[in-house]
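Q: One structure follows; several queries about it will come next.
The values are calculated or read from the model by the stated rules, or taken from the named source; none is laboratory data. This structure is a prediction, so every number in the text was calculated from the model and none was measured. No Cβ is skipped: glycine too gets one built from the backbone with ideal geometry, and neighbour counts run over all protein chains shown.
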Amino acid sequence: MAHGRSGSTLIVTAHPDETSLTHGVADRLQQLLGPERAARLDLAQEGFDPRFTQGDRDAYVGRGAPGPDVVDQQRRVDEVDHLVLVFPVFWWSLPALLKGWIDRVFIADWAFAYDEDDAVVPRLGRLTTHLLAVSGTSERSFDRHGYAQAFETQIHRGVIDFCGMQRGVTRFVRDAEAGDGQRIVREVEGAVAAVAAAITTTPDEA
């Protein structure tokens, strides 16, 4: 499986509005990392189809091969060492577009496999995945309603750990619709700086 030079990064966004805070966060991260290190995948702007179709089902059960769009997405992930998902929190989880990308792309025989005893064998251990989430609610609300634990279970354990990816940095930009522009700018700067530092710091420097 080929991959890029050390520290190469794919920033994945899932928001239809190019003027959104989500895109602003991704723009700032790419600026910090530099275009030579960070590539961009804007799922909405590129028109990725998140629907899990009969063709996807056939590939899943071994009756066919993944479609060319899925193979292309896998190739783009294979070329990097770091994956950064930048997304708005919709209903306490991933937006449908990003969830559909994971459903269709992170499939058996690429993201994971099964051994002779039907046990899961993760296959993406070389990849480090970071999360930058833009939320309209507070950290207190997440904790009070149990959504912080749900987020951990669904995304960290259910996707990152299941596929064997290394957990990178997870940061939230909270209360993103509260109107406090200066606070939001500070949160964005802190969040993207933490992710950028994790990507650019070598193991010897950590």
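Q: When you scan segment 157-166, do you find a residue that is β-branched (Val, Ile, Thr) and either in contact with a Gly (Cβ under 8 Å, 6 or more places away or on another chain) or farther than 28 Å from Val71 by Cβ (or both), even just one?
A: no
Q: Which residue is nearest to Thr170 (Cα to Cα), if the candidates are limited to segment 71-101 and must be surrounded by fewer than 16 Cβ atoms within 10 Å (Cβ to Cβ) and in contact with a strand residue (DSSP E or B) (Cβ under 9 Å, 6 or more places away or on another chain)?
A: Residue satisfying both the conditions and the ranking: Ala96.
Q: Can you tell me which residues in segment 119-151 are closer than 21 Å to Thr22 by Cβ and of a type in the set (D, E, K, R)?
A: Glu139
Q: Still on this model: Quick check, is Thr22 at pLDDT 95 or above, buried (at least 16 other Cβ atoms within 10 Å of the Cβ) and of a type in the set (Val, Ile, Thr)?
A: Yes: the conditions hold for Thr22.
Q: Also, quick follow-up: If you go through segment 71-119 one residue at a time, how many are aromatic (Phe, Trp, Tyr), in a loop (DSSP other than H, G, I, E, B) and in contact (Cβ under 8 Å) with a residue 12 or more places away in the chain?
A: So the count comes out to 3.
Residue-by-condition table, conditions (1) touching a residue at least 60 places away in the same chain (Cβ under 8 Å); (2) under 20 Å from Ile102 (Cα atoms); (3) surrounded by fewer than 15 Cβ atoms within 10 Å (Cβ to Cβ):
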site	(1), (2), (3)
Thr137	no, no, no
Gly146	no, no, yes
Glu152	no, yes, yes
Gly158	no, yes, yes
Gln166	no, yes, no
Gly179	no, no, yes
Ala191	yes, no, no
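Q: Next question. Check off (1) closer than 26 Å to Arg75 by Cα; (2) at pLDDT below 95; (3) hydroxyl-bearing (Ser, Thr, Tyr) for Tyr147 and give me the number that stays unchecked.
A: Against the list (1) closer than 26 Å to Arg75 by Cα; (2) at pLDDT below 95; (3) hydroxyl-bearing (Ser, Thr, Tyr), Tyr147 comes up short only on (1).
Q: Let me ask something else. Quick test of your reading of the structure: Phe52 fulfils all but one of (1) part of a helix (DSSP H, G or I); (2) touching a helix residue (DSSP H, G or I) at 6+ places or on another chain (Cβ under 6 Å); (3) closer than 24 Å to Val121 by Cβ. Name the failing condition by number.
A: (1)
Q: Let me ask something additional. Name the strands (runs of 3 or more DSSP E) wholly within segment 120-180 that hold at least 2 residues that are within 20 Å of Val195 (Cβ to Cβ)?
A: Per the criteria, 128-134, 166-173.
Q: Inside segment 167-186, can you point out the residues that are more than 17 Å from Ala148 (Cβ to Cβ) and among the acidic types (Asp, Glu)?
A: Glu177, Asp180
Q: Which one is nearest to Arg104 (Cα to Cα) among residues in segment 28-48 that are part of a helix (DSSP H, G or I) and in contact (Cβ under 8 Å) with a residue 12 or more places away in the chain?
A: Looking at residues that are part of a helix (DSSP H, G or I) and in contact (Cβ under 8 Å) with a residue 12 or more places away in the chain, I get Leu43.
Q: Can you tell me which residue is surrounded by the fewest Cβ atoms within 10 Å (Cβ to Cβ) among those in segment 59-70 that are modelled with pLDDT of 95 or more and not in a loop (DSSP other than H, G, I, E, B)?
A: For segment 59-70, the residue satisfying everything is Pro68.
Q: When only residues in segment 61-107 that are among the charged types (D, E, K, R) and in contact with a Leu (Cβ under 8 Å, 6 or more places away or on another chain) count, which is nearest to Gly125 (Cα to Cα)?
A: Step by step, filter segment 61-107, then rank; the result is Asp81.
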